[in-house]
Amino acid sequence: MDYEKIEVIRSRRRTLSLEVKQDGRVIVRAPMRASLADIKRFIDSHEKWLEKHLKKIEEIEKTLPKDRLSDEDIKRLAAMAKKVIPERCAYYASLLNVRYGRITIRNQVTRWGSCSSKGNLNFNCLLMLTPNEVIDSVVVHELCHLLEMNHSPRFYAHVYSVFPEYKKWDKWLKTNGDAIMRRMTG
């Protein structure tokens, strides 16, 4: 294991943990008192787990386009999103019996969607690079914030009431989303 490539973050926590980021970075979170020898033993004891997760990320990366999006590409995606997303919002808003304000399409590098306290909805144009079910999952998520401005069990009850496959497509986005977002930043 190449310990040089592993980032160690120390804090007031009590246990060691490993995290593999979507870009392949490995982070070890460690208590302040943990020695480097303890940290290395911990990493070595989880070597198979690390290899499995790093291989999975590598496989996903192979299937996704890596080229940076041009300004023209982004404009094209935004134009598509301005047609597709309002239709999806109208459909799911009628099922949820909610009313929303303005819909804005943006080219963001960190968020897929958001809902303001005034009921305005924002969506990322990069959603056009995802399956339709992912678009629907983000639309439903943001519309449900009009009912619950949190992520409580009641919020998710609303989500699942109109989109039972939400968990599957939210997982798809968590697995593949970073690679898509990196196309915006290069």
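The values are calculated or read from the model by the stated rules, or taken from the named source; none is laboratory data. Since this is a predicted model, take the numbers as computed values, not measurements. Methodologically, a virtual Cβ is constructed for each residue, glycine included, from the backbone with ideal geometry; neighbour enumeration extends over all protein chains shown.
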- Determine which single condition V162 fails, assuming it passes every other condition in (1) over 19 Å from the mean Cα position of the chain (by Cα); (2) within 30 Å of S70 (Cβ to Cβ); (3) surrounded by 13 or more Cβ atoms within 10 Å (Cβ to Cβ). (2)
- Given the conditions (1) farther than 25 Å from N176 by Cβ; (2) touching a residue at least 60 places away in the same chain (Cβ under 8 Å), which single one is not true for K21? (1)
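One line per residue, one yes/no per condition, for (1) within 21 Å of S116 (Cβ to Cβ); (2) of a type in the set (A, V, I, L, M, F, W, C); (3) not assigned by TED's automatic domain parsing to the domain that holds S117:
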residue	(1), (2), (3)
L129	no, yes, no
D136	yes, no, no
H141	yes, no, no
H151	yes, no, no
R154	yes, no, no
V159	yes, yes, no
F163	no, yes, no
W169	no, yes, no
D178	no, no, no
- Message: Please go through segment 119-137 and give me each residue that is surrounded by fewer than 23 Cβ atoms within 10 Å (Cβ to Cβ) and closer than 20 Å to V159 by Cα, ordered by number.
- Response: G119, N120, N122, T130, P131, N132, E133, V134, I135, D136
- Answer from R33, R13 - the residue that is in a loop (DSSP other than H, G, I, E, B), surrounded by 12 or more Cβ atoms within 10 Å (Cβ to Cβ) and not hydrophobic (A, V, I, L, M, F, W, C): R13
- Note on the structure: Residue pairs qualifying under the 8 Å Cβ cut-off, at least six apart or on distinct chains, with the first in segment 94-117 being under 15 Å from L143 (Cβ atoms) and among the basic types (K, R) and the second being assigned to a helix (DSSP H, G or I) and modelled with pLDDT of 95 or more, are R99/A93
- Message: Among the residues of segment 58-70, are any surrounded by 14 or more Cβ atoms within 10 Å (Cβ to Cβ) and either over 30 Å from Y3 (Cα atoms) or of a type in the set (S, T, Y) (or both)?
- Response: yes
- Item | Failed item in (1) within 25 Å of R68 (Cα to Cα); (2) in contact with a Leu (Cβ under 7 Å, 6 or more places away or on another chain), with N132 passing the rest | (2)
